[in-house]
Amino acid sequence: VEGTIGVNYGTVANNLPPPAKVAQFLLESTIINRVRLFDTESETLKAFSHTGIAVTVTVPNDQIPHLTKLSFTQQWLKTYIEPHVPATNIVRILVGNEVLSTANKLFISSLVPAMQTLHTALVGASLDRRIQVSTPHSLGILSSSSPPSTGKFRQGYDTHVLKPLLSFLRAINSPFLINPYPFFGYSADTVDYALFKPNSGVFDENTKLTYTNMLDAQLDAVFSAMKLLDFPDIEIVIAETGWPSKGDSAQVAVDTESAAVYNRNLMEHVTSGVGTPLMPKRTFETYIFALFNEDLKPGPTCERNFGLFQPDMTPVYNVGILRTTARSSNPMNPTPEPPVSPVSEPLRKGGKRWCLPKTGAEVEALQSNIDYVCGLGLDCGAIQEDGPCFLPNTVRAHAAFAMNLYYQATEWNDYDCDFKQTGSITDVNPSYGKCKY
C-alpha cells in the first residue's frame, strides 16, 4: 500500500495540530507517504522537510490568470517553492482545483496557458524533472458516464480545454487528475455497489463487461472520454475520494462503519494491480479525502466529517493505515559494517555525496543508527534541542543527520552508508536553513 496511497491535508478548521506535529505523526505512525495540500503555506512545507513524504501543492483558482505571465510565475516559484526544495519533497504543483466546475470564463480560459507557463518556469529553475504540473477535475467534466463505455467530456470543454490540456500533459509526462466520489453518486439501492460490497453488478452492453463497484465505472467513464480524444495512454491519478463518517439523519450509510468499509476497500482495490474493466492490471495513485475532520467547512454535516483522524490525531475509525511498530526501546547492536577508526577525523568539506535513510526504513532501525553514531563520540549537537537540525523533531530527520555525519567522517565508501541496508547515497544536498549537512 505504501507509495500509492496519499491523503488530502485540508485545514478549514480552528482546532488542528501544528503542521510539524502532523508531519511527524504521518511519518512515524502511519504508512502514508504522500500528501496533497490545498495551498503553498510555508510553515506546512517546512514541516515536511526531511521526511521524504511526497508533497503536492495547489495554486488557488484566483491566481490562475496571473500565472499566464512568465515573470509573475518565476517570482511565484522563487517565493513559494524554491526555498523549500529539495529539503521538502515537492513532487507536483496543481494549478487550481476543479476549475471547469467554477464556470468562471477567465479561470477556464487561463488554465492551460497557466500550466504551460508554470512548466516553462520550472524548466528555467531546473525543477521540471523533480516537479510535475497538473490540475484536478470533478466528474462534472463528463456529459455522459453511464454505461462507462459512453463516457465523454462536455461539449465545448472537450475541444477547447481538455484536448489541449491532455496534449500538454502527454508532452510533459504528467498524469490526468480526477476527483471521483461514489459517495455523491449512490442511492439507497446502490449502497453495496458504491462501497465495494458484494452486489449483482452493472453490465455494460457495449463492451459486455460487468462492473462490481462504482469507482471502476467512474474511472472507466473518464478513460472512455480520454480515449475519444485519442489520449488513452495518459495515467489517471485519483486526487480525491472518500466517504464521511457522519451526516444528516436522512442519509443512508453515512456512519463510521460505512466510511471504514469504503476507504479500506478503496485502498485494497487501487493497490491490488487488478485495475478496472477497461484499464486492467493498473494501480492508481490515490489520495483519500481527508486527513482530518474540518469543523469550519460550510454545507451539510457530512462535509465536516470526511476525516480519517480527529484533530487530536486519534482515528475516527480504523482504516488500516497506522503502523504496528513503534520506536524500539532497546537499541540494536552497532549498525554500520565495518566500524571506522579513528572516528574523530575532521569532516571533509566539499563532498558531493550525502548519506540519508532509505524510504520506508523502520523507525527503530533509524533510532539505532542515531544511538550508534552519537555513541561513537561524533558531534550530534546539531540534533539536540535548540540545535540547528533539531526541527523537524522526527527520528527520520535526526537519523538523516547522524548517518550523514558518520558517512562524511569516513572515506565515503559506499559501505559506510549501508547501516544494515537502511541508508542510501544521494547527490542532492539535504541542507536547509541553518542546518548544514
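Side notes on the structure shown:
- Spatial offset of the stretch 244-272 relative to the stretch 66-133 amounts to 33 Å, using the alpha carbon center of each.
- The Cα center of the stretch 198-215 and the Cα center of the stretch 410-437 differ in position by 51 Å.
- Once the Cβ-Cβ distance of Thr283 and Asp427 is raised to the sixth power relative to R0 = 30 Å, the FRET efficiency obtained is 0.55.
- Separation of the stretch 9-30 and the stretch 365-388, taken as the distance between their Cα centroids, equals 25 angstrom.
- Partners for Lys105 among aspartates and glutamates (Cα-Cα distance below 20 Å; same-chain residues under 8 apart left out): Asp62, Asp158
- About the centre of its Cα atoms, the chain shows a dipole size close to 960 debye [charges on the beta carbon of Lys, Arg (+1) and Asp, Glu (-1) only; nearest 20 debye].
- In the chain, taking the dipole from charged Cβ atoms about the Cα centre, the farthest positive-side position among Ile234, Leu127, Ser424 is held by Leu127.
- The relative contact order of the stretch 1-72 comes to 32 percent, based on Cα pairs under 8 Å that sit 6 or more residues apart.
- By definition, a body whose alpha carbon gyration tensor gives a ≥ b ≥ c is oblate when a/c is 1.5 or more and a/b is not larger than b/c, and the stretch 165-262 fits this oblate description.
- Point-charge dipole on Cβ atoms (K/R +1, D/E -1) for the stretch 215-324, about Cα centre, debye to 20: 200
- Helical mean residue ellipticity (222 nm; -39500 (n - 2.57) per DSSP H run of 4+; nearest 500) of the chain: -8500 deg cm²/dmol
- Based on protein heavy atoms only, the chain ends up with 44 Å² per residue of surface accessible to a 1.4 Å probe.
- Unpaired Cys in the chain, meaning no second Cys C-beta under 4.7 Å: Cys302.
- Couplings for the stretch 194-199, taken from phi via the Karplus curve 6.51 cos²θ - 1.76 cosθ + 1.60 with θ = phi - 60°, read 6, 8, 6, 8, x, 7 Hz in order; Gly and Pro are left as x.
- Carbon plus sulfur fraction of accessible area for the chain, probe 1.4 Å, in percent: 51
- Unsatisfied cross-links (Cα-Cα over 18 Å) in the set Lys152/Lys227; Lys78/Lys436; Lys246/Lys297: Lys78/Lys436
- Size descriptors for the chain, from the alpha-carbon set: Rg then Dmax equal 23.4, 74 Å.
The values are calculated or read from the model by the stated rules, or taken from the named source; none is laboratory data. Note that this is a predicted model, so its numbers are computed, not measured. Virtual Cβ from ideal backbone geometry, glycine too; neighbours counted across all protein chains shown. Calculation scope for accessible area: heavy atoms of the full protein, side chains included, ligands and nucleic acids excluded. Shrake-Rupley method; radii C 1.70, N 1.55, O 1.52, S 1.80 Å.
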